[in-house]
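What follows draws every value from the coordinates through simple rules; no lab data is involved. Only a predicted model underlies this, so the values are computations on that prediction, with no experimental measurement involved. Glycine gets a Cβ as well: all are built from the backbone with ideal geometry, and neighbour counts include every protein chain shown.
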Amino acid sequence: DAGVTQSPTHLIKTRGQQVTLRCSPKSGHDTVSWYQQALGQGPQFIFQYYEEEERQRGNFPDRFSGHQFPNYSSELNVNALLLGDSALYLCASSLKGGPGNTIYFGEGSWLTVV
Amino acid sequence: AQSVTQLGSHVSVSEGALVLLRCNYSSSVPPYLFWYVQYPNQGLQLLLKYTSAATLVKGINGFEAEFKKSETSFHLTKPSAHMSDAAEYFCAVTPTGYGNKLVFGAGTILRVKS
């Protein structure tokens, strides 16, 4: 049973460019969330998708957008990249429902903006 | 807003010694609490979670945590540290009414000395 998979694992972008990160949730999971982890900090919640709609959003600007597909996989898009967007982006999946459900994380995508 | 505070950004112990990583939460209602571990250049792995079933929670790799409402604490312990325990540990809480969303602490880096 494959866990949460993310791609690419590493990428370098230039300021002002756009980036798309991809995530496949753990088998059977229908809810996908994205987190940003800057160096030396804890992960920060970006947003969550369920039934192909954004259900919750953290304190991130509109430059951060996402999508969920019918097979539950998800994309995170970041436009007009800033140096401060350099971070590890983590995808997490779970079953919709009680807050005690276990949330599984992928290995992450390392984004460097130069 | 519900949050967690991890006391000590770095903790150093000798191999075989007790591991104690501190986490305090702020919540007016019983929260759902989690401990995750992150090894270098990897994603997050769930160690254990508290969902109000029992105050003493046992997790993987010999770790356990005790929920103490009177102290608003959820400290992580392991009786005997192993070199392989060296990693960063994050305490997290699910805010009430926010489903499968996690709010993380800043993390504690555990160093194990031989």
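Under a model in which nothing but the beta-carbon of Lys, Arg (+1) and Asp, Glu (-1) is charged, chain A shows a dipole of about 280 debye around its Cα centre.
Between the alpha-carbon centres of segment A:57-114 and segment B:45-71 there is a gap of 27 Å.
If you run the Gaussian network model on chain A, springs between alpha carbon atoms under 10 Å, then out of A:I103, A:I12, A:I46 the most flexible one is A:I12. Antiparallel as a % of all DSSP beta bridges within segment A:6-112, to the nearest 5? Counting only bridges with both partners in segment A:6-112, antiparallel ones make up about 90 percent. Dipole of chain A computed with +1 at Lys/Arg Cβ and -1 at Asp/Glu Cβ about the Cα centre; of A:T9, A:Y104, A:Q56, farthest Cα towards the positive end is A:T9. Within the same chain, aspartates and glutamates fewer than 8 places from A:K13 are excluded, and of the rest, those with a Cα less than 14 Å from its Cα are A:D85. Placing dummy labels 7 Å off each Cα toward the beta-carbon, the span from A:N77 to B:M83 is 4.8 nm.
Of the residues B:Q42, B:A65, B:V11, the one whose Cα sits farthest toward the positive end of the charge dipole of segment B:1-100, with +1 on the Cβ of Lys and Arg and -1 on the Cβ of Asp and Glu, is B:A65. Applying 1/(1 + (r/R0)^6) with r as the Cβ-Cβ distance of A:T5 and B:Y39 and R0 = 22 angstrom yields a FRET efficiency of 0.80. Please report how far the C-alpha centroid of segment B:72-114 lies from that of segment A:16-47, rounded to the nearest whole angstrom. Distance between centres, Cα-based: 20 Å.
Using the Cβ-Cβ distance between A:T14 and A:E53 with R0 set to 45 Å, the FRET efficiency from 1/(1 + (r/R0)^6) comes to roughly 0.90. Charging the Cβ of each Asp and Glu at -1 and of each Lys and Arg at +1, and nothing else, the dipole of the protein assembly as shown about its Cα centre rounds to 380 debye. Across A:G16, A:G40, A:G28, mean-square fluctuation computed from a Gaussian network of chain A (C-alpha pairs under 10 Å connected) peaks at A:G40. For B:K49, the lysines whose Cα comes closer than 28 Å to its Cα, not counting residues fewer than 8 places off in the same chain, are A:K26, A:K96, B:K58, B:K68, B:K69, B:K78, B:K101, B:K113. Computed about its Cα centre, the charge dipole of chain B is approximately 120 debye, with only Lys, Arg, Asp and Glu carrying charge at their Cβ.
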